[in-house]
Each structure stands twice: as structure tokens, then as C-alpha cells.
Amino acid sequence: MKKESSQDKNQLLKNFNQELSVSSPGRINLIGEHTDYNEGFVLPTAIDKKIHFQFRKNSNSEKCRIYSKTYKTYAEFDPQNLSKSEDSWKNYISGVIHEIQKKGNKIEAFDCIINSELPVGAGISSSAALECGLATGLNELFDLGLSQLELVQLSQAAENNFVGSNCGIMDQYASVMSKKDHLILLDCRSLEAEFIPADFKNCKILLLNTNVNHNLAEGEYNTRRRECEEAVKIIQKGHPEVTSLRDVNYEILKASENELSESHYMRSLYVLKENERVLKATEAIKSGNLKEFGKLMYQSHEGLQHNYEVSCPELDFLVEHTRNKPFIFGARMMGGGFGGCTINLIEADAISEYTKEVSEAYKRKFNIDLDAITVSPSEGTTITK
Ligand code: GLA
């Protein structure tokens, strides 16, 4: 890997005749947080904000050259000699190339230009969009014949093995598999998916970006995952049939209560209840009951705040601010936590006035500018040429 050289970059940009272009979306998650790596249920979908990629093969070289127009960063990779970088975005790229090659495929030199509409650190999974867009592009460019599910799984593996984040499968699955105007009810154990029409009536999805990203996030995420695995091991002593928190019901949890530490108990209780909420929320949206759906969103936030302990004052403030507003049905923190966005189900014609009001209140309280993004459920990663 090599540092930016303006000569190399200019050469790359000059006469860039693309062979292929790909768009890969960020994702929202309506409900089902931190359940994916516990083999539970999630309800995500892709959004209409994306990362765009242009690709071409480069038979004159042995290097892969990548330029991000958004961040004005350039990098070169030798696919036969990949190493970890201090720059995390490069690790997503090396990770994907590495995982594709691990499956017995050869990646030859290519050029790629990236343009992103996704804010980084907002909890809308710009990382999954980057991995999945690159994986999809390379699969097509080099005719590798990998299935969509293989692209999802190798993108997740890239993040686990090369970036060092022990993430579950939700983000990559949503980024690749989503269908326009639908939510995905995904069973993260069997990977069975049901596509649910995203009928929000007169409401829209509003994301409020705290613009904070407390740097504990990555470490705490891996810690939560470890705590869940520890809880499973303890519960297994009395209930060997339990292989993940997905299998734990109230009876089993009660029977194991004395063996579990307080935090192991709280994490387990949260996962149990959040899985129940995802299934109830799916029924609510199917029957058009937005009130019930919103109630479950608030309960999810409370669980994440008090039992799973992955929220932060900025997220809690934004959720509290929506309470008792008749035009807002539900709100909660979204994604890994410790910053990023809240997701709000709000009547479309109230969005602009509410955004103004909450932005002022947020600025007064934290002296930070809030960003508001209205998003709609969209199709997954698409090859556009
Ligand atoms: C991050 C991870 C996902 C998931 C969420 C929490 O976005 O990448 O796998 O665990 O956090 O629901």
C-alpha cells in the first residue's frame, strides 16, 4: 500500500473509461438491535443514500488503484501482498480483496473511483456499503460467479477479520438484499428472509444524526458480543440445548438468574425481549398499526439504554425530545450505539418544523449541530452498467 501521490491519482482520473458501475446503499434498522450476532431477528432495509463505484480492469499494472472523490484519498493495493493499514477505510478494501481470494479466486489489477453520499460514523453502515459495493463490482468485473449471499458473507468476514469489528450479518445483508419499499424480517440463524411492504402511511423515516461517535464504540461493541457469549456458556450448564441467546426464554433465564452476573443477566434479558419486539413490530406493520410499532421502538430504546447500555446522552436526549408529540409515532437509537443516529417514525408534513425545533434544542444542550436526513426504503446493491 502506498500513500497518496498526486501523479498516480491524476493518472487514474485521466480518461477513466469505466467498464462497470455499482451503487451500494446504507441501511436503516427499524427494530432488532444487537440481535443479529445472537442469532435473533432484525428488521432492516437499504436506503436511498448510497456509495457509487466505477470500475475498470487495468492490465498494464499489477496494482489495484482506488480513489475516493468524497474524501480525496488515493490508495494502491498489491492484491498478492495485502497488509493492515492505520487508515481504516483501506482495511475494508483489503479485507474484501483478501476474503475473495481466500475463496480461491484471483483478483487482478483494477482501478476504482468511489463517490459517497453516506456520512461516516452515523450508524447507517457506510462500511457495509463500501464492502458490498466493492465485492459486487469485483465479482462482476472478474466474472467470479459468487452468489449474493456469498458476497454478503465475505463482506462481513472482511470486517471481522481485517477491520477487527466483530459485527453480525445485518448490515451487509440489508445493503445487498433489500427490495425497494420493503423491510426485511431476517432470521439471523437460518438466514431466512421475509420481505414486508414498508407501508408507513402518512409517515416517513427521519434520521437525526447526533454527530457524535464516542470512541468507545468499537471496543464496547466487541465487549457486548463477548458478554453475550459468556452468558450463553453459563446458561448452557443447566440448559445444554441453548447455543445462543436466541434460545433463551423467560423460564430458562429465571432458572439461570443466580449463576449470571448482573450485566450478563441484563444483556440476556434485553436480547430475549428485543427478539420478541421484532416479531410484534412485524405484525404491527403488516396490520397497519403504527401506534403499536412506535411503542415497540420506544421500548427498544429503553432496553438499549438501560439493559444493553449502548446509548449515550445525545441519543437519549433526541429520543426524549420526541415524547408526547402526536405527530411522532416512535423513536430510538439505531445501530451499534454510543453515537450515530436516532430513527424516528414521523408524519411527513411535520418533518421540517420538527427538525428546526429539535436542532435548536440539541444545539442549546450540547452545542453540536444536528443533521437531519429523510430516507426511504430502497433496493440493495445494484450494478448500473
Ligand atoms: C452494527 C453491526 C451490526 C449490528 C448492529 C447492532 O451496525 O455492524 O451487525 O450488530 O451494530 O444491531
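Between residue 262 and residue 181, how many nm apart are label points set 7 Å from Cα along the C-beta direction?
Placing both labels 7 Å along Cα→Cβ, they lie 5.0 nm apart.
Between helix 217-238 and the chain, what is the angle of the helix's C-alpha long axis to the longest principal axis, kept within 0 to 90° and rounded to the nearest 10?
Value to nearest ten degrees: 60.
Quick check: the angle from helix 262-286's long axis to the longest principal axis of the chain, C-alpha only, nearest 10 degrees?
Computed tilt is about 80 degrees.
Apply 1/(1 + (r/R0)^6) to the Cβ-Cβ distance of residue 229 and residue 286, taking R0 = 35 Å, and write down the FRET efficiency to the nearest 0.05. If you can, show how the numbers build up before the last one.
Values: r = 33 Å, r/R0 = 0.94.
For R0 = 35 Å, the calculated efficiency reads 0.60.
Pick out which of 240, 44, 25 has the largest mean-square fluctuation in a Gaussian network model of the chain, springs linking Cα atoms closer than 10 Å.
240
Which one of 350, 231, 75 has the biggest mean-square fluctuation once the chain is modelled by GNM with Cα springs under 10 Å?
The residue with the greatest mean-square fluctuation here is 350.
At a probe radius of 1.4 Å, what is the per-residue accessible area of residue 317, in Å² to the nearest 10?
40 Å²
Suppose R0 equals 30 Å; then what is the FRET efficiency for residue 364 and residue 309 from their Cβ-Cβ distance, rounded to the nearest 0.05? Could the numbers behind the result be given before it?
Working: r = 26 Å, r/R0 = 0.88.
FRET efficiency, residue 364 to residue 309: 0.70.
I'd like the orientation of helix 148-158 relative to the chain: the angle between its Cα long axis and the longest Cα principal axis, in ° from 0 to 90, rounded to 10.
For 148-158 against the chain, the angle is about 90 degrees.
Taking only protein heavy atoms into account and a 1.4 Å probe, give the accessible area per residue of the chain in Å². Present the calculation step by step, with values, prior to reporting the outcome.
Numbers: 16350 Å² over 385 residues.
With all protein chains present, the chain gives 42 Å² per residue.
In the stretch 38-164, what % of DSSP beta bridges are antiparallel (nearest 5)? Can you show the working numbers first?
Values: 12 of 16 bridges.
Here the antiparallel bridges make up roughly 75 percent for the stretch 38-164.
Write out the GluC sites (Glu not before Pro) in the stretch 10-53 meeting two conditions: DSSP loop, and at most 16 other Cβ atoms within 10 Å of their Cβ. Display every interim value, and only then the final one.
On the way: sites: 19, 33, 39; in loops: 19, 33, 39.
The qualifying sites are 19.
Within the stretch 292-358, what whole-number % of the accessible surface is contributed by carbon and sulfur, with the 1.4 Å probe and all protein chains included in the calculation? Don't jump to the answer; show the numbers that get you there.
Numbers: 1130 of 2300 Å².
Ligands and nucleic acids excluded, carbon and sulfur give 49 percent.
State the answer as a single residue: which of 282, 293, 89 lies farthest towards the positive end of the charge dipole of the chain, with beta carbon charges of +1 for Lys and Arg and -1 for Asp and Glu, about the Cα centre.
Working it through, the farthest residue towards the positive pole turns out to be 89.
Just how much of residue 385 is accessible, in Å², when a 1.4 Å probe is used and the result is rounded to the nearest 10?
Residue 385 has an accessible surface of roughly 130 Å² with all protein chains in place.
Less than 12 Å from a label point 7 Å out along the Cα-to-Cβ axis of residue 161: which backbone N atoms in the stretch 98-126 qualify, by residue?
Output list for this probe position: 98-105.
How high is the FRET efficiency between residue 14 and residue 72 when r is their beta carbon distance and R₀ equals 22 Å, given to the nearest 0.05? Before the final figure, lay out each step's value.
On the way: r = 16 Å, r/R0 = 0.74.
The pair residue 14/residue 72 has a calculated efficiency of 0.85.
The values are calculated or read from the model by the stated rules, or taken from the named source; none is laboratory data. Remember, predicted model here, so these are calculated numbers, not experimental data. Because the Cβ atoms are built from the backbone with ideal geometry, glycine has one as well, and the counts that use them run over all protein chains shown. The accessibility values were calculated without ligands, DNA or RNA, using every heavy atom of the protein model including side chains. Shrake-Rupley method; radii C 1.70, N 1.55, O 1.52, S 1.80 Å.
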